[in-house]
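Everything below concerns the one structure shown next.
The values are calculated or read from the model by the stated rules, or taken from the named source; none is laboratory data. Being a predicted model, the structure only gives us computed values, none of them experimental. So basically every Cβ, Gly included, is an ideal-geometry build from the backbone, and we count neighbours across all protein chains shown.
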Amino acid sequence: MSVLTNNLDLFLRLFGQTLQLFAISAVLSLVLGTFLAALRVSPVPVFRGIGTLYVTVLRNTPLTLVFVFFVFAYPLLEILRIDNYVAAVVSLSLYTAAFVCEVVRSGINTVPVGQAEASRALGLTFVQMLGNVVLPQALRSVVPPMTSTMIALLKNTTVASGFAVVQAGNIRESLSEQGENVLLGLLWVALGFVILVMPLTYAQQVFEKRWSVAR
Amino acid sequence: MTAASAPPMIRVAGVDKFFGPLHVLKNVQLEVPKGQVVVVLGPSGSGKSTLCRTINRLEPIDSGVIEVDGQPLPAEGKELARLRADVGMVFQSFNLFAHKTIVENVMLAPVKVRKTPAAEARKTAMELLERVGIANQAEKFPAQLSGGQQQRAAIARALAMKPKVMLFDEPTSALDPEMVQEVLDVMTGLAKDGMTMLVVTHEMGFARKAADRVIFMSDGEVVEDSTPEEFFSAPKSNRAKDFLGKILTH
């Protein structure tokens, strides 16, 4: 317990960093991923191709590799200078967006095709159909896998430790420098992540319940 | 364009369509003048539903011309969306928006497509629901309604766009028998009010009573095009005789 109480400051600060990194990347990946899913179901073949290419390239590319690209290779292109924190946000967002895209797309596929046909027959544009009819109905089947994707993102933030972006993944280093029991410290870090996951799981239950009524 | 030379509401000329190797529409010709009610009959697999769906381009065609109110169907995009807004469609499986209430279903397209203010759209929606006899169901979700009520709501939803023409794709085929009549009554009312309608159906009673013209399709071809009296009392082709023999004997 003393490992935690003696370093409470450190724990709170670095878990705060984790939360920040997670929150920014979550928002960005949800927006980008939903946009990519829209591309993948659009009537325009070129858009579908772009979406498919994105997912093919980024899904299951090792996250470390994505980080390496944005921290070390990307600066060599001399386009726009970004610091390591931004590189971490970009890497996590782009990587997670590929998974979000596929989760949203599978949700879209659960909505009967008649819903889209009725929208089109009424004169709704593709974007109106997606926004007003298809996505709202896709949401409810998307909630459980989307929660998993977000939990994976939360834990993936620790990869940033290797690239000088400080968050909960760096607690071990700091403890070891101070001569604390590192293994015990890691247990507390693990518990910290469990605590962070709990509200996500709770949110999943709330959304599942709310959206299951509306049908 | 002057009234004298007004184009037909629907013109289908030389239309062919394939599903893979299957030739589902074979050189189909059809004109529906303004105000006419045309019923399309035929055995299943004859292409009548496909024909109905090509008219607002839910099914693209492989060759030929389709015009609505003198305007050829544009390719997929904003312009096609505008044209579809003027063509009401009623589906066999209703396709009401499952996550919206009945009145929201009817309001959605006027608000989003026609940019009608919500209050006005709701008022019109309630009037339409009144007209099809389900105003008291307005705040329910589609799944809470019977099939007949859902289909009447779907008709109200299509009418809310003030369409120039209504397409009905087997509107009563998914209904329990006791609910067929309530939907047909609404359709008969529409026909009497002068709506231009193309109705794919198996309801011979409706064809006799409400249709100005009967089209008989078989194997992707328009085989007969005549008045209901003529078609039911003296069909010209063997295929039509065979079809009528099968359905009128039971």
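So that you can scan it fast, the table gives a plain yes or no per residue for (1) of a type in the set (S, T, N, Q); (2) more than 18 Å from B:I134 (Cβ to Cβ); (3) modelled with pLDDT under 95; (4) buried (at least 17 other Cβ atoms within 10 Å of the Cβ):
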| position | (1), (2), (3), (4) |
| --- | --- |
| B:N56 | yes, yes, yes, yes |
| B:V68 | no, yes, yes, yes |
| B:L80 | no, yes, yes, yes |
| B:L96 | no, no, no, yes |
| B:V106 | no, no, no, yes |
| B:V111 | no, yes, no, yes |
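Taking segment B:229-250 as the range and being closer than 24 Å to B:K26 by Cβ and assigned to a helix (DSSP H, G or I) as the test, the residues that pass are B:E230, B:F231, B:N238, B:R239, B:A240, B:K241, B:D242, B:F243, B:L244, B:G245, B:K246, B:I247. Residues that are farther than 17 Å from A:L122 by Cα and surrounded by 17 or more Cβ atoms within 10 Å (Cβ to Cβ): does segment B:153-169 have at least one? No: zero hits.
Residues that are within 14 Å of another protein chain (Cβ to nearest Cβ) and out of contact with any Gly (no Cβ under 9 Å at 6 or more places or on another chain) are absent from segment B:200-221.
Any residue at all in segment A:95-107 that is within 14 Å of chain B (Cβ to nearest Cβ) and either in contact (Cβ under 8 Å) with a residue 12 or more places away in the chain or within 30 Å of B:F168 (Cβ to Cβ) (or both)? Scanning segment A:95-107 turns up at least one residue that is within 14 Å of chain B (Cβ to nearest Cβ) and either in contact (Cβ under 8 Å) with a residue 12 or more places away in the chain or within 30 Å of B:F168 (Cβ to Cβ) (or both). For segment B:78-116, filtered to residues that are part of a loop (DSSP other than H, G, I, E, B) and out of contact with any helix residue (DSSP H, G or I) (no Cβ under 9 Å at 6 or more places or on another chain), the residue that is farthest from the other protein chains (Cβ to nearest Cβ) is B:K115.
Regarding segment A:172-195, can at least one residue be identified that is within 14 Å of chain B (Cβ to nearest Cβ) and either more than 28 Å from B:E139 (Cα to Cα) or free of Cβ contacts under 8 Å to residues at least 60 places away in the same chain (or both)? No, segment A:172-195 has no match at all.
Conditions (1) more than 19 Å from B:S146 (Cβ to Cβ); (2) surrounded by fewer than 22 Cβ atoms within 10 Å (Cβ to Cβ); (3) within 17 Å of the chain's Cα centre (by Cα), marked per residue:
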{"position": "B:T172", "(1), (2), (3)": "no, no, yes"}
{"position": "B:V180", "(1), (2), (3)": "no, yes, yes"}
{"position": "B:F206", "(1), (2), (3)": "yes, no, yes"}
{"position": "B:T227", "(1), (2), (3)": "yes, yes, no"}
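Residues in segment A:161-193 that are under 21 Å from the mean Cα position of the chain (by Cα) and over 14 Å from A:F11 (Cβ atoms) were compared, and the one that is surrounded by the most Cβ atoms within 10 Å (Cβ to Cβ) is A:V165. Away from chain A (no Cβ under 14 Å), surrounded by 14 or more Cβ atoms within 10 Å (Cβ to Cβ) and out of contact with any strand residue (DSSP E or B) (no Cβ under 7 Å at 6 or more places or on another chain): does that describe B:P43? The answer is no for B:P43.
Counting the residues of segment B:51-62 that are closer than 10 Å to B:V200 by Cα and touching a Lys or Arg at 6+ places or on another chain (Cβ under 9 Å) gives 1. Can you tell me which residue is nearest to B:K34 (Cα to Cα) among those in segment B:62-77 that are part of a strand (DSSP E or B) and small (G, A, S)? Looking at the filtered set, the residue picked out is B:G64. If only one of B:L184, B:L145 is within 14 Å of chain A (Cβ to nearest Cβ), buried (at least 18 other Cβ atoms within 10 Å of the Cβ) and either more than 13 Å from the chain's Cα centre (by Cα) or among the aliphatic types (A, V, I, L, M) (or both), which one is it? Testing whether each residue is within 14 Å of chain A (Cβ to nearest Cβ), buried (at least 18 other Cβ atoms within 10 Å of the Cβ) and either more than 13 Å from the chain's Cα centre (by Cα) or among the aliphatic types (A, V, I, L, M) (or both) leaves just B:L145. Identify, from the list B:A125, B:A158, B:A119, the residue that is within 12 Å of chain A (Cβ to nearest Cβ) and assigned to a helix (DSSP H, G or I). Of the residues listed, the single one that is within 12 Å of chain A (Cβ to nearest Cβ) and assigned to a helix (DSSP H, G or I) is B:A158. Yes or no: segment A:137-146 includes at least one residue that is under 28 Å from A:L65 (Cβ atoms), among the hydrophobic types (A, V, I, L, M, F, W, C), within 14 Å of chain B (Cβ to nearest Cβ) and assigned to a helix (DSSP H, G or I). Among the residues of segment A:137-146, at least one is under 28 Å from A:L65 (Cβ atoms), among the hydrophobic types (A, V, I, L, M, F, W, C), within 14 Å of chain B (Cβ to nearest Cβ) and assigned to a helix (DSSP H, G or I), which makes the answer yes. With respect to the conditions (1) surrounded by fewer than 22 Cβ atoms within 10 Å (Cβ to Cβ); (2) in contact (Cβ under 8 Å) with a residue 24 or more places away in the chain; (3) not aromatic (F, W, Y), B:E31 falls short on a single one, namely (2). Scanning segment A:117-129 for residues that are under 28 Å from the mean Cα position of the chain (by Cα) and either facing chain B (nearest Cβ under 8 Å) or under 16 Å from B:Q92 (Cβ atoms) (or both) turns up just one, A:Q128.
In segment B:134-147, the residues that are without any contact (Cβ under 8 Å) to a residue 12 or more places away in the chain and on the phi > 0 side of the Ramachandran plot never reach a residue that is in a helix (DSSP H, G or I) and loosely packed, with under 15 Cβ neighbours inside 10 Å with C-beta atoms less than 9 angstrom apart, at least six apart or across chains.
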